[in-house]
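Notes for the one structure printed next.
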Amino acid sequence: MKTIALDMMSGDCGPHSRIQAAQEALVRHPDLHLVLVGDASFIRVSLKENNFPSDNDGRVTVVHAGQTVTMEDRPSLALRRKQDSSMWLALEQVAMGMSQACVSAGNTGALMAMGRHLLKTLPGIDRPALVGQVPSASGQTLLLDLGANVDSSSDQLLQFAVLGSLMMSEVHGIAQPRVGLLNVGEEDIKGCERVRLAGQLLESHESLNYFGYVEGTDLFSGRVDVVVCDGYPGNVALKASEGAVRLVVSRLLQGEGLSWRGRLLLKLVRPFVKGLSSAIDPSQFNGATLLGLQGVVVKSHGASDKRQFGYAIDQAVKAVEQSAVLHINERLELML
């Protein structure tokens, strides 16, 4: 049975959506055991209100936490002062071997700080990176870092490239993932010195299938399987693309600005548009793995609803099933 700890209190939406997501995850995964970490009295009342299985059926355990990490908390202060928080105790479940993964929608900086302290990083990795999926012409592309690290060094970008390549290989089954480095152009002279130096490091690394510089449009073109970047442009690129997708789909479904003939045609193609919007819906790619830790930690959007938080749980289940961290750790020493 797989055991996953859920940080029920962190994030913008509160624990109600987390409880509903947990309930649906248990239905999707019959061999899943969930540890719900947070205000125990509140959680148990919510479980009863949602006709949720009791603690005694072997699939749900409630762990009380007296504190919550807010989105405004400074990571350093949260690390020192909130060791009774739902985030800390959920990560501690993994560190103590009581759970195989942790899912949180809380403060990214605090999650990384606590994760590094409790789980430690893999050998040769300075800092973990948030890695997520974006839909592309080839199916999907991994993008990292998504915001856990800003102002990453060239050496750290190399580490991200190795981690992303290993994840694409071990989890998604691509033997030699094509790795691209995000830049403002494809020419060798483009970009800041840090990115150019990182490009040289990636190009000289024999174990990487390095493709070269890629631009923002290549996130979706399928030219590469892994796109490496600093957390600042990575986070901006991800959220800008999500906003663009939602705008385009909304305009298409509403038929804004169309003539009566256009609206008539829209009725005929609406099922296709809905199918397309479902295929590229950013919410189904919710959940970024904090890659580089000695344990599985999945970060969900702070404002994720039950469906989005459920996707993050599914991602954690998949990582546990495929022993992703173990396999990445086994190969990492050979590549760094």
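The values are calculated or read from the model by the stated rules, or taken from the named source; none is laboratory data. Everything numeric here is computed off the predicted structure, so don't read it as measured data. Note that each Cβ is placed from the backbone with ideal geometry, even for glycine, and that neighbours are counted across all protein chains shown.
Note on the stretch 170-213: residues that are buried (at least 19 other Cβ atoms within 10 Å of the Cβ), in a helix (DSSP H, G or I) and under 24 Å from the mean Cα position of the chain (by Cα) amount to 5. So, in the stretch 32-51, of the ones that are assigned to a helix (DSSP H, G or I) and among the β-branched types (Val, Ile, Thr), which residue ends up nearest to Ser10 (Cα to Cα)? Applying the filter and picking the extreme gives Ile43.
What residue, of Val63, Val45, is more than 22 Å from Leu293 (Cβ to Cβ) and among the hydrophobic types (A, V, I, L, M, F, W, C)? On inspection, the qualifying residue turns out to be Val45.
For the structure I just gave you, tell me whether Arg80 is under 24 Å from the mean Cα position of the chain (by Cα), modelled with pLDDT of 90 or more and either under 30 Å from Ser323 (Cβ atoms) or assigned by TED's automatic domain parsing to the domain that holds Val103 (or both). Walk me through how you get there before you give the answer.
Details: under 24 Å from the mean Cα position of the chain (by Cα): no; modelled with pLDDT of 90 or more: yes; either under 30 Å from Ser323 (Cβ atoms) or assigned by TED's automatic domain parsing to the domain that holds Val103 (or both): yes.
Answer is no for this residue.
Looking only at residues in the stretch 289-333 that are hydroxyl-bearing (Ser, Thr, Tyr) and touching a strand residue (DSSP E or B) at 6+ places or on another chain (Cβ under 9 Å), the one that is surrounded by the most Cβ atoms within 10 Å (Cβ to Cβ) is Thr289. Screening Ser221, Ser250, Ser241 for residues that are among the small types (Gly, Ala, Ser) and part of a loop (DSSP other than H, G, I, E, B) leaves exactly one candidate, Ser221. Restricting attention to the stretch 86-139 and to residues that are assigned by TED's automatic domain parsing to the domain that holds Glu321 and of a type in the set (Ser, Thr, Tyr), the residue that is nearest to Gln294 (Cα to Cα) turns out to be Thr121.
Taking Thr61 as the residue in question, decide whether it is over 20 Å from the mean Cα position of the chain (by Cα), at pLDDT below 95 and within 21 Å of Ser300 (Cβ to Cβ).
Details: over 20 Å from the mean Cα position of the chain (by Cα): yes; at pLDDT below 95: yes; within 21 Å of Ser300 (Cβ to Cβ): yes.
The answer is yes for Thr61.
Checked against the criterion of being over 19 Å from Ser17 (Cα atoms) and of a type in the set (S, T, N, Q), the candidates Ser300, Ser323 yield just one match: Ser323. The one condition from (1) outside any helix (DSSP H, G or I); (2) free of Cβ contacts under 8 Å to residues at least 12 places away in the same chain that Val27 does not meet is (1). Filter the stretch 35-58 down to the residues that are hydrophobic (A, V, I, L, M, F, W, C) and at pLDDT below 95, then identify the one that is surrounded by the most Cβ atoms within 10 Å (Cβ to Cβ). Among them, the one singled out is Ile43.
Based on what the data block shows, is Asp12 at pLDDT below 90 and among the acidic types (Asp, Glu)? Quick ask: steps written out before the conclusion?
Numbers: at pLDDT below 90: yes; among the acidic types (Asp, Glu): yes.
Spelling it out, Asp12 is indeed at pLDDT below 90 and among the acidic types (Asp, Glu).
Checking Val94 against (1) of a type in the set (Val, Ile, Thr); (2) within 20 Å of Ala316 (Cα to Cα); (3) assigned to a helix (DSSP H, G or I); (4) modelled with pLDDT under 95, which test does it fail? Of everything listed in (1) of a type in the set (Val, Ile, Thr); (2) within 20 Å of Ala316 (Cα to Cα); (3) assigned to a helix (DSSP H, G or I); (4) modelled with pLDDT under 95, Val94 misses just condition (4). Out of the residues in the stretch 151-161 that are among the aliphatic types (A, V, I, L, M) and more than 17 Å from the chain's Cα centre (by Cα), state the one that is nearest to Ile328 (Cα to Cα). Per the stated criteria, the residue is Leu158.
Results for (1) over 15 Å from Met168 (Cβ atoms); (2) buried (at least 24 other Cβ atoms within 10 Å of the Cβ); (3) modelled with pLDDT of 95 or more, shown as yes or no for each residue.
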{"residue": "Ala105", "(1), (2), (3)": "yes, yes, no"}
{"residue": "His117", "(1), (2), (3)": "yes, no, yes"}
{"residue": "Pro123", "(1), (2), (3)": "yes, no, no"}
{"residue": "Gly139", "(1), (2), (3)": "no, no, no"}
